[in-house]
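Each remark here refers to the structure printed beneath this line.
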Amino acid sequence: GILKPGVPAVSGVADAEAGDVIEQISAERGCPFWRRGRDFDIETAEDDWRFTRRCENGSSEVIEGVIPALPGRAQTENASVALAALGVLADQGWALPIDARRLGINTGRLPARMERIAGDPLVIIDGAHNDTSARALAEALDELCCLERSGVAPRERRVLVVAISDDKNKAAII
């Protein structure tokens, strides 16, 4: 499995039951374990976000001014997991200054993930591949359309061009 004895594990799993299972397996394998919502998280405000985590030595680390470049709540949650994992590596001696971690999250790009390829009309490509990522995409599009075109209702007419593999749940994605 992915959890190796003695190797730290950082989990952003939102489902409580699944998170409990991952934590239990981590304990059985002797993996130090950090869990979003308990050991780390991002507090969001309009223009000043704050990441907080519990360090390996029991102290706390706070990184202010964290505003993920990728839109949507799901990307914010992903950013908190990335910052926690980088913090664990920093605890182990990796040279990962707080300013570098903040800069990476604030400027990071992911091709074909909420990627704008045109301006008028607004064209976005995304590789959503399951119902969870499709829901996150829909929420992020609402947010992005409001930011891009102030005064325009978030549910303006949209055109969706989609390709879905045969092994995916088409109804759930659409």
Whole-Hz ³J(HN,Hα) for each residue in the range 10-17, computed from phi via Karplus 6.51 cos²θ - 1.76 cosθ + 1.60 with θ = phi - 60°, x for glycine and proline: what do you get?
10, 10, x, 4, 7, 5, 4, 5
Can you tell me, using C-alpha contacts under 8 Å and at least 6 residues apart, the relative contact order of the range 19-70 as a whole percent?
22 percent
Hydrodynamic radius by Kirkwood for the range 1-79, inverse mean 1/r across distinct Cα pairs, in Å, is 13.7 Å
Using θ = phi - 60° and the Karplus relation 6.51 cos²θ - 1.76 cosθ + 1.60, list the HN-Hα couplings for the range 133-139 in order, rounded to whole Hz, with x at every Gly or Pro.
6, 5, 5, 4, 4, 4, 5
Considering the chain as a Gaussian network with a 10 Å cut-off on Cα pairs, which listed residue, ILE117, ILE42, ILE63, attains the greatest mean-square fluctuation?
ILE117
The chain: calculated mean residue ellipticity at 222 nm from DSSP helix runs of at least 4, using -39500 (n - 2.57)
-11500 deg cm²/dmol
Please calculate the 1.4 Å probe accessible area of TRP34, with all protein chains present, and give it to the nearest 10 Å².
10 Å²
Solvent-accessible area of GLU143, probe 1.4 Å, all protein chains present, reported in Å² to the nearest ten, please.
80 Å²
Please list log₁₀ I(q)/I(0) at q = 0.10, 0.13, 0.17 Å⁻¹ for the chain, using the Debye equation with identical point scatterers on the alpha-carbon positions.
-0.48, -0.78, -1.16
Amide H to amide H under 5 Å from CYS31: which residues, 5+ apart in sequence or cross-chain, H placed 1.01 Å off N in plane?
GLY6
Per-residue ³J(HN,Hα) for the range 108-124, Karplus 6.51 cos²θ - 1.76 cosθ + 1.60, θ = phi - 60°, Hz, x for Gly and Pro:
x, 10, 9, x, 6, 10, 6, 8, 7, 10, 7, x, 9, x, 5, 10, 10
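The values are calculated or read from the model by the stated rules, or taken from the named source; none is laboratory data. Only a predicted model underlies this, so the values are computations on that prediction, with no experimental measurement involved. Heads up: the accessible areas ignore ligands, DNA and RNA and are worked out on the full protein's heavy atoms, side chains in. Shrake-Rupley method; radii C 1.70, N 1.55, O 1.52, S 1.80 Å.
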